[in-house]
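A quick write-up on the structure given underneath.
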Amino acid sequence: QVQVVESGGGLAQPGGSLRLSCAASGSIIRFATMAWYRQAPGKQRELVARITGSGNTAYADSVKGRFTIARDNAKNALSLQMNGLKSKDTAVYYCNRVVEPYWPWGQGTQVTVSS
């Protein structure tokens with residue numbers, strides 16, 4: 001069964017940057033469209049960015065131009081470079097595939113944007 005582990009979150013100032021990483025087990029992820037999701041307190045989980053197995057990307061309007069998703073299929077790894085952070089980016093960030101049933105959700109990594 002695929003397991004995912006997110007890391008790289010922390011505290012950033014508005015306008016700052018963070019880079020999130022996701023390590024996944026299982027060779028099946030190389031062919032899966034993967035995504036970063038986030039969930040802010042009191043809100044539903046939302047998809048932030050997605051990337052196909054061949055590297056095509058798509059972003060939520062709220063992060064377009066600021067976030068960059070990438071993957072390293074050889075390492076079963078996913079990343080999210082976040083620049084120009086805003087307070088509304090504060091959330092717990094998760095990685096998973098985009099189709100249901102989802103793999104078991106990891107713990108996520110907390111991103112807090114505050115001055």
>> Quick check on the range 6-73: take the gyration tensor over C-alpha atoms, sort the square-rooted eigenvalues as a ≥ b ≥ c, and tell me if it's rounded (a/c under 1.5), prolate or oblate.
In response: prolate
> Gain in length, ALA60 to TYR102, computed as 0.36 nm per residue apart minus the alpha-carbon separation, to one decimal in nm?
Replying inline: 13.2 nm
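Each value in this text was obtained by applying a stated rule to the coordinates, not by laboratory testing. A quick note: this is a predicted structure, and the numbers were derived from the prediction, not measured.
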